[in-house]
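Engineer: If you scroll down you'll find the structure; I have some questions about it.
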There are 2 protein chains.
Amino acid sequence: MNSKRELSKLITKIENFEELDSEILKKIFEKEGRAHRIGFTGPPGVGKSTLTDKIASLFVDENKAIGILAVDPTSPFTGGAILGDRIRMEESSKKGVFIRSLGSRGGIGGLSRRTYLSTLSMEAFGMDYIIIETVGVGQVDLEIKFVADTTIVVLTPESGDYIQAMKAGLMEIGDIYVVNKCDRPGAEEIKREIEFVLSFFPNSDWNKKVLLSNGLKGEGIQELKREIINHKNYLEITKKKEQIVKERRKRFLIDFLRDEVWDQIELLLVENGLIEKFLADIEFGKSLDEIRKDFYKFLKKGLNSL
Amino acid sequence: MNSKRELSKLITKIENFEELDSEILKKIFEKEGRAHRIGFTGPPGVGKSTLTDKIASLFVDENKAIGILAVDPTSPFTGGAILGDRIRMEESSKKGVFIRSLGSRGGIGGLSRRTYLSTLSMEAFGMDYIIIETVGVGQVDLEIKFVADTTIVVLTPESGDYIQAMKAGLMEIGDIYVVNKCDRPGAEEIKREIEFVLSFFPNSDWNKKVLLSNGLKGEGIQELKREIINHKNYLEITKKKEQIVKERRKRFLIDFLRDEVWDQIELLLVENGLIEKFLADIEFGKSLDEIRKDFYKFLKKGLNSL
């Protein structure tokens, strides 16, 4: 792939669940593992877009090729250039960074798979760093862990409820934590509390740091970039990067096959009026066990026709 | 089912994905449709638990049997009586309301299905109203729509970002909106803004209201209860309730069959080392198309052994 236009078209295809040309797929899988994927997650309004913008801008200054993917499972329609109100990435835009939104056009299903394929496409296009940002709601915030190499959890002093973040599982998935908007009261306290909470989680040999930043004023961005590089080096030196790439591919494959086979089975069920029949069975008191058996009986016959 | 102890045991079985006795299943499906299900959703910290507590308490005063189900997809372990810090339902507890948490013990998968089965169990136990409360993070907040008859979206003047709620899809799923903590500045403005946003969504003949409340002080609770009853009556008079029950059951059945069949297929794949083989295939440049074909070939053989 040589032009941003091509890349953008490819991602639109992915977004729309279109069948990808197998030559293209081969090509994008071949290149996997070279780029570093950075994921920003955290509640809405903590400043993830601003941090993404500033970090991307710093990398551009070092002549790195950067792609930004804004994943919004709540948006039924994003389109290539329409980035919605939440994305204001001025610095990056000015510097020619490739920015794309990925919405849930055609259903939320498989969004993390489409996210993965989109980052693969960016990688094949030659991006050195791919930054993935989530909207801050929903399961996708946790699933970013499976797409990113370095996951950054962003909180603010006010969001205060780092307890809620913890409950949401964010305390398990971060490699780096950032207290953004650190000019607001309580930043240092929240930092210490996060550190305290982190100390309860079984840790690997990577030391999870909690950084302070003020995205709008550009404070703490250099430190954050340095920590991202530290984590990148850590993953490469310990060979964990290879492991991550392998696991990610495995997960993708399993998801792909599951959706694939279920789509076919559901079609068979609908075509044969089986859903209605099973529902009537339940009403007449048939047990789920019996329905399961009927289902398998049907499946054995039905699959042979695929 | 005659005792709360029995009910609690049953829900624990459901939580743990244990196979349910088919007689029990028959019984709980038979009773479906009588109880009214109320779902509270909204961001963390807006006061959902308090509102749940107060509403439940009002219903108890009218001699209704109430069950509360607190769904926490982020908790790997809840257990029957351990309700975690977020649930402080003093009034209801004192009045003997049945309160249960449902965590993601054994994986997030199928949580909405387990939620549905748990409410069915409560219904079979004789509950008139079942209140379902979500933790305020993740997909489950939207899926509550599929379990509840009346969905209540709770916001506060401060959470301010009703825009974010909108982006998260909450503006589509509510039947009633509540601005809680309405003693804080901006409550009236937020109310008007929500009304404004709601006016953009294609509506049915149900008029979505935005109410003000102060859960801790008990203000606005009577009005909320009245609106819940209005909505309940609306669903019954328009026969929409029957439709909801039917749709819910259909969704449950489809989910059940999908997970069912995939569990079996995944087992087959793993037992036969197919995942590793397919991954190696991808590395050697095989296309997803070819892998799909191999997969079906295998499936046709494999399923006959089930």
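Engineer: Within the stretch A:184-213, how many residues turn out to be within 24 Å of the chain's Cα centre (by Cα) and at pLDDT 90 or above?
Structural biologist: Count: 8.
Engineer: In addition: So A:S159 fits all but one of (1) out of contact with any Asp or Glu (no Cβ under 9 Å at 6 or more places or on another chain); (2) of a type in the set (S, T, N, Q); (3) modelled with pLDDT of 75 or more; (4) open to solvent by 10 Å² or more (accessible area, probe 1.4 Å); what number is the exception?
Structural biologist: All conditions pass for A:S159, except number (3).
Engineer: Test each condition in (1) of a type in the set (D, E); (2) over 30 Å from B:G103 (Cβ atoms); (3) at pLDDT below 95 for A:E219 and report the one that comes out false.
Structural biologist: With respect to (1) of a type in the set (D, E); (2) over 30 Å from B:G103 (Cβ atoms); (3) at pLDDT below 95, A:E219 is out only on (3).
Engineer: Considering A:D289, A:D205, which residue is within 11 Å of another protein chain (Cβ to nearest Cβ) and open to solvent by 10 Å² or more (accessible area, probe 1.4 Å)? Quick ask: steps written out before the conclusion?
Structural biologist: Details: A:D205 fails: within 11 Å of another protein chain (Cβ to nearest Cβ).
Residue meeting the stated conditions: A:D289.
Engineer: For the list (1) open to solvent by 60 Å² or more (accessible area, probe 1.4 Å); (2) touching a His at 6+ places or on another chain (Cβ under 9 Å), I need the number of the one condition that A:I228 fails.
Structural biologist: (1)
Engineer: Being modelled with pLDDT of 80 or more and open to solvent by 10 Å² or more (accessible area, probe 1.4 Å): is that true of B:R5 here?
Structural biologist: yes
Engineer: Let me ask something additional. May I ask you to list the residues in the stretch A:26-49 that are in contact with a helix residue (DSSP H, G or I) (Cβ under 7 Å, 6 or more places away or on another chain), of a type in the set (G, A, S) and modelled with pLDDT of 85 or more?
Structural biologist: A:A35, A:G39, A:G47
Engineer: Please determine whether any residue of the stretch B:216-224 is within 15 Å of B:K48 (Cβ to Cβ) and surrounded by fewer than 19 Cβ atoms within 10 Å (Cβ to Cβ).
Structural biologist: Within the stretch B:216-224, one or more residues are within 15 Å of B:K48 (Cβ to Cβ) and surrounded by fewer than 19 Cβ atoms within 10 Å (Cβ to Cβ).
Engineer: Okay, next question. What is the residue count in the stretch B:1-60 for residues that are of a type in the set (D, E) and not in a loop (DSSP other than H, G, I, E, B)?
Structural biologist: Going through the stretch B:1-60 one residue at a time, the tally reaches 5.
Engineer: Kindly establish whether A:F17 is in contact (Cβ under 8 Å) with a residue 24 or more places away in the chain and surrounded by fewer than 18 Cβ atoms within 10 Å (Cβ to Cβ).
Structural biologist: Yes: the conditions hold for A:F17.
So that you can scan it fast, the table gives a plain yes or no per residue for (1) open to solvent by less than 30 Å² (accessible area, probe 1.4 Å); (2) aromatic (F, W, Y):
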position	(1), (2)
A:D259	no, no
A:N272	no, no
A:E276	no, no
A:L279	yes, no
A:F284	no, yes
A:D294	no, no
A:G302	yes, no
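Engineer: A further question on this structure: Name the single residue that is nearest to B:T151 (Cα to Cα) among those in the stretch B:235-255 being within 7 Å of another protein chain (Cβ to nearest Cβ) and buried (at least 16 other Cβ atoms within 10 Å of the Cβ).
Structural biologist: Per the stated criteria, the residue is B:R249.
Engineer: Something else: Which condition number does A:D128 fail, the rest of (1) in contact with a strand residue (DSSP E or B) (Cβ under 6 Å, 6 or more places away or on another chain); (2) within 30 Å of A:K26 (Cβ to Cβ); (3) modelled with pLDDT of 90 or more; (4) open to solvent by 30 Å² or more (accessible area, probe 1.4 Å) being met?
Structural biologist: So A:D128 meets the others, but not (1).
Engineer: Oh, and also: Would you pick out the residues in the stretch A:82-104 that are in contact with a strand residue (DSSP E or B) (Cβ under 9 Å, 6 or more places away or on another chain), within 28 Å of B:E172 (Cβ to Cβ) and either at pLDDT 65 or above or surrounded by fewer than 16 Cβ atoms within 10 Å (Cβ to Cβ) (or both)?
Structural biologist: Once the filter is applied, which keeps residues that are in contact with a strand residue (DSSP E or B) (Cβ under 9 Å, 6 or more places away or on another chain), within 28 Å of B:E172 (Cβ to Cβ) and either at pLDDT 65 or above or surrounded by fewer than 16 Cβ atoms within 10 Å (Cβ to Cβ) (or both), the stretch A:82-104 yields A:I82, A:M89, A:I99, A:R100, A:S101, A:L102, A:G103.
The values are calculated or read from the model by the stated rules, or taken from the named source; none is laboratory data. Quick caveat, the model's predicted, so the values are computed rather than measured. Here the Cβ is made from the backbone with ideal geometry for all residues, glycine too, and neighbour counts use every protein chain on show. Remember, those area values only see protein heavy atoms, side chains included, never the ligands or the DNA or RNA. Shrake-Rupley method; radii C 1.70, N 1.55, O 1.52, S 1.80 Å.
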